[in-house]
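Chemist: First the structure, then my questions, so here it is.
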Amino acid sequence: MTTTRSHPDLRRYASPDDIEPTFTVYQEAIRGTAARVYGPDQVEAWAGPRSTDLKDWDARRRRALTLVAEVDDTVVGFTDLLPDGLVDMLFVHPRAGGRGIARALLTAIMREARERHIPELHTFASRSAQPAFERLGFTLVAHRPKNTVRGVVVPNGEMRRRL
Ligand SMILES: CC(C)(COP(=O)(O)OP(=O)(O)OC[C@H]1O[C@@H](n2cnc3c(N)ncnc32)[C@H](O)[C@@H]1OP(=O)(O)O)[C@@H](O)C(=O)NCCC(=O)NCCS
């Protein structure tokens, strides 16, 4: 079976318009996609409340170099880059999954990182995202079986990629 690749438009996160769409993608990606590999309590803890004051959310997206992917003028995914090479977020809406959106986002982030002379990227990847990071050249360097979110254990793994 072949899956059609999307060719998303990539651009920098812009406040305030991107606040809610990125938060929705985050919620849906965890509740729709990550829920295939984590249990209900883990999903609830990681996703957090559906409705919340998004001031902190916006501030964190603005502090990082956040890239947003759009298809047909709809936000379908986003990722980011911190100055120390941390890729903190990578989320794609389930309806847009499996079509190369994460690949496009991470490829762009690698280009941005090289321009900033960042020698290596690292991330704390969920079990849901590890195969995608591997396809993009990341290597699992440590299992984190005790990673805890809002008091619930949600195992993930530290992954790295030299640039
Ligand atoms: C992980 C995630 C961002 C991937 O997004 P996506 O747009 O569906 O990924 P892509 O279609 O760009 O896939 C990129 C590559 O990874 C591979 N891949 C992605 N998910 C895979 C999986 N579960 N198993 C095997 N391979 C996978 C794809 O085949 C593709 O390989 P190719 O480009 O060499 O053919 C998305 O599934 C998601 O949001 N998951 C839930 C949230 C999450 O865990 N985020 C990470 C937080 S650390």
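The values are calculated or read from the model by the stated rules, or taken from the named source; none is laboratory data. All values derive from a computational prediction rather than experimental measurement. Cβ atoms come from the backbone with ideal geometry, glycine included; neighbour counts cover every protein chain shown. Ligands, DNA and RNA are stripped out before the accessible areas are found, and what is left, the full protein with its side chains, is counted by its heavy atoms. Shrake-Rupley method; radii C 1.70, N 1.55, O 1.52, S 1.80 Å.
Each row is one residue, and each column tells you yes or no for (1) under 14 Å from the mean Cα position of the chain (by Cα); (2) under 23 Å from Met159 (Cβ atoms).
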| site | (1), (2) |
| --- | --- |
| Gln27 | yes, no |
| Pro40 | no, no |
| Ala47 | yes, yes |
| Asp58 | no, no |
| Glu70 | no, no |
| Pro83 | no, yes |
| Val87 | yes, yes |
| Leu106 | yes, yes |
| Glu120 | no, yes |
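Chemist: Report, ordered by the first and then the second residue, all pairs with beta carbons closer than 7 Å, sequence separation of six or more or different chains, a first member in the stretch 125-152 that is within 7 Å of the ligand (Cβ to nearest atom), and a second member that is assigned to a loop (DSSP other than H, G, I, E, B) and β-branched (Val, Ile, Thr).
Modeler: Ser128/Val37
Chemist: Related question: What is the number of the single condition among (1) in contact with a Phe, Trp or Tyr (Cβ under 7 Å, 6 or more places away or on another chain); (2) without any contact (Cβ under 8 Å) to a residue 40 or more places away in the chain; (3) β-branched (Val, Ile, Thr) that Val68 does not meet?
Modeler: It is condition (2) that Val68 fails.
Chemist: Would you please name the residue that is nearest to Ala59 (Cα to Cα), looking only at residues in the stretch 1-27 that are in contact with a helix residue (DSSP H, G or I) (Cβ under 6 Å, 6 or more places away or on another chain) and of a type outside the set (Ser, Thr, Tyr)?
Modeler: Ile19
Chemist: Quick check on the stretch 2-14. Is at least one of its residues without any contact (Cβ under 8 Å) to a residue 24 or more places away in the chain and open to solvent by 50 Å² or more (accessible area, probe 1.4 Å)?
Modeler: Checked the stretch 2-14: at least one residue is without any contact (Cβ under 8 Å) to a residue 24 or more places away in the chain and open to solvent by 50 Å² or more (accessible area, probe 1.4 Å).
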